[in-house]
């Protein structure tokens, strides 16, 4: 088994909430169901990272952060079924566009991080996890999972099942870095 985290690809658009407080709403997704109370967050596509910078291409999976996976309609059609077993899709309102964006809210928070074997940096004042430099997971806790979070951080983690589906569909804008490889393959 392999575990991956997503990252944005150079040259492709980013998505940002229009209102500052909405960024917090997206960041604080914790695995709880939000479908009943969710109101579509207004977002805009950043087609340049700075004034005078190169124009960024439209992405199937526009980048928002490692805590969120955003899907355009093309990506939803291609990998939505693979993700539906482990999460739900929340509407995003893309300003100035008819294209429908969805935010994937993973519903699996699994206590699978082996903190004793991982290399973890903590905030000195609180002891909370600041960064995980090397991930070690308890493989038995992840059997059959496609995407998940761990209680220690907001990062979304993906297994080969999802990464293969993204690769097979040729989706653009987001790539996946392997952060852990277990004993079984």
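Here is a list: 103, 92. Which entry is touching a helix residue (DSSP H, G or I) at 6+ places or on another chain (Cβ under 7 Å), surrounded by 14 or more Cβ atoms within 10 Å (Cβ to Cβ) and part of a strand (DSSP E or B)?
Result of the check over 103, 92: 103.
Residue by residue, here is whether (1) modelled with pLDDT of 95 or more; (2) buried (at least 17 other Cβ atoms within 10 Å of the Cβ); (3) touching a helix residue (DSSP H, G or I) at 6+ places or on another chain (Cβ under 6 Å) holds:
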site	(1), (2), (3)
51	no, no, no
71	yes, yes, no
77	yes, no, no
96	no, no, no
129	no, yes, no
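The values are calculated or read from the model by the stated rules, or taken from the named source; none is laboratory data. Bear in mind the structure is a predicted one, so any value in this text is a computation, not a measurement. Every residue, glycine as well, gets a Cβ built from its backbone with ideal geometry; the counts of neighbours run over all protein chains shown.
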